[in-house]
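Each value in this text was obtained by applying a stated rule to the coordinates, not by laboratory testing. Remember, it's a predicted structure, so these values are computed and weren't measured experimentally. Cβ placement follows ideal geometry from the backbone for every residue including glycine, while neighbour counts extend to all protein chains displayed.
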Amino acid sequence: MTWSLGSKRGAPDGLWMKCEACDNLVYKKVVEDAHHVCPECGFHFRISAAKRIEYLLDDGSFVEHFSNLESVDALNFKGQKSYKDKLLKAQKNTGQREAAVFGTGAIAGQKVVFGVIDANFIMGSMGSVVGEKIARGAELARKEKLPFIVVSGSGGGARMEEGILSLFQMAKTSAAIKRLQDAGGIYIAILTNATMGGSMASWASLGDITIAEPKALLGFAGPRVIAQTVRQELPAGFQTSEFLLDHGFVDMVVARKELRQKLISLLRYTCREMPAFVKQSGRHTSKVEAPKVVSR
Ligand SMILES: [Zn+2]
């Protein structure tokens with residue numbers, strides 16, 4: 001095929017890609033240099049767990065934990081494809097055993113427990129192993145007194161192939177995060193496109209600080225389902241990061257390239273006297289004292 005710059009009929013292998021949001025052809029190298037963000041419209045492309053680790057953590061600091069956990073097909077689930085086949089395919093495509101990759105690492109020298117849910121693995125849906133890793137990550141953060149940071153990419157919500165076993169994970173992850181927070185720990189949730197369903201309704205929405213990437217779709221049921229159920233036209237930008245920021249559900253919308261710097265400032269603020277965080281953040285222990293009444 002002959003190829004000329006600006007043609008929109010197709011892209012030659014490897015050099016150019018089409019932005020799924022604005023339809024523009026963009027030079028791959030430019031997209032990669034921008035941490036996989038479209039230079040034309042700012043769309044944040046889906047990235048792997050390895051890229052997240054590279055972009056957010058200090059070089060070479062990540063040590064994976066719980067890597068031996070692997071999903072089993074307890075229900076012998078068969079849809080169009082069997083769950084076993086889906087798992088094998090996802091493992092082959094991503095080179096990971098599961099969607100969740102958790103471990104310890106450092107951000108500008110501050111040790112953290114860090115996890116990422118890779119949307120390339122069965123849409124980042126939460127089965128028993130994803131839930132277990134989130135819960136163990138929160139437990140590790142509590143025991144080691146480290147900040148807990150999770151990047152979600154869970155468009156698939158709870159993993160339907162595991163049925164009720166995946167729904168159990170909602171309670172388990174929420175409880176583990178609550179124990180961390182009750183102990184004075186800090187949990188920073190980074191929500192990326194898309195984070196939905198059972199993930200959003202549990203661990204993803206429990207951050208002490210909730211950061212979202214721009215224009216991410218974040219919610220429980222999808223907008224189409226809601227529109228059909230309530231039979232109303234939904235407001236513009238419904239369930240996007242920016243909409244949820246306006247309505248107080250997320251604390252900040254941060255572009256991917258600025259995310260590491262933002263985490264550095266937040267960690268400095270919350271863990272002022274690192275490495276022990278317990279008494280520094282004050283978030284969970286501070287109480288508003290009633291004004292004293294002075295009688296004269
Ligand atoms: Zn674009």
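Once you put a point 7 Å from the Cα of Phe220 and another 7 Å from the Cα of Asn93, both along the Cβ direction, what distance in nm separates them?
2.8 nm
Quick one: how many lysine pairs in the stretch 125-229 have C-alpha atoms under 24 angstrom apart, if they're 8 or more apart or on different chains?
Details: Lys133/Lys143; Lys133/Lys145; Lys133/Lys172; Lys133/Lys178; Lys143/Lys172; Lys143/Lys178; Lys145/Lys172; Lys145/Lys178.
Total qualifying Lys-Lys pairs in the stretch 125-229 comes to 8.
Can you find, among Gly95, Ser199, Gly124, the residue farthest towards the positive end of the dipole of the chain? Put +1 on the C-beta of Lys and Arg, -1 on that of Asp and Glu.
Ser199
Aspartates and glutamates within cross-link reach of Lys86: Cα-Cα under 17 Å, excluding same-chain residues under 8 positions apart?
Once the sequence-local aspartates and glutamates are set aside, what remains near Lys86 is Glu70, Asp73, Glu98, Asp118, Glu161, Glu162.
Calculate the spin-label point distance for Arg268 paired with Val72, positioning each point 7 Å from the Cα along the beta-carbon direction, and give it in nanometres.
The modelled label-to-label distance comes out at 4.8 nm.
Run the paramagnetic zone check for Glu139: 7 angstrom along Cα to Cβ, then residues of the stretch 176-205 with backbone nitrogen under 13 Å.
176-177, 179-180
So which residue, out of Cys22, Cys38, Cys271, gets the largest mean-square fluctuation from a GNM of the chain using Cα contacts under 10 Å as springs?
Cys22
Looking only at Gln232, Gln169, Gln96, which one moves most when the chain is put into a Gaussian network model with springs between Cα atoms under 10 Å?
Answer for the Gaussian network model of the chain: Gln232.
Please state the charge dipole magnitude for the stretch 46-270, taken about the Cα centre, from unit charges on C-beta atoms (+1 on K and R, -1 on D and E), reported in debye and rounded to the nearest 20. Mind showing how you got there, number by number?
Values: 28 positive and 22 negative charges, 57 e Å.
Taking the Cα centre of the stretch 46-270 as origin, the dipole is about 280 debye.
What FRET efficiency would be calculated for the residue pair Asp85, Ile164, taking the C-beta separation as r and a Förster radius of 30 Å, to the nearest 0.05? Don't skip to the answer; put the middle values down first.
Details: r = 22 Å, r/R0 = 0.72.
Efficiency computed from Cβ-Cβ geometry: 0.90.
Please give the Cα centre distance for the stretch 71-91 versus the stretch 168-245, rounded to the nearest Å.
Each part's Cα centre sits 26 Å from the other's.
Tell me the angle of helix 256-270 to the major Cα principal axis of the chain, expressed in degrees between 0 and 90 and rounded to the nearest ten.
Between helix and principal axis, roughly 10 degrees.
Within the chain, which cysteines find no other Cys whose Cβ is under 4.7 angstrom from their own?
Unpaired cysteines in the chain: Cys271.
With runs of 4+ DSSP H residues as the only contributors, calculate the mean residue ellipticity of the chain at 222 nm using -39,500 (n - 2.57) per run, divided by the residue total and rounded to the nearest 500. Mind dumping the intermediate values first?
Values: 9 runs with 95 residues, N = 296.
Calculated at 222 nm, the ellipticity per residue is -9500 deg cm²/dmol.
Kindly rank 205-216, 44-55 from highest to lowest mean number of other beta carbons found within 10 Å of each residue. The partial results should precede the final answer.
Details: 205-216: 20.8, 44-55: 19.1.
Descending packing order for the listed peptides: 205-216, 44-55.
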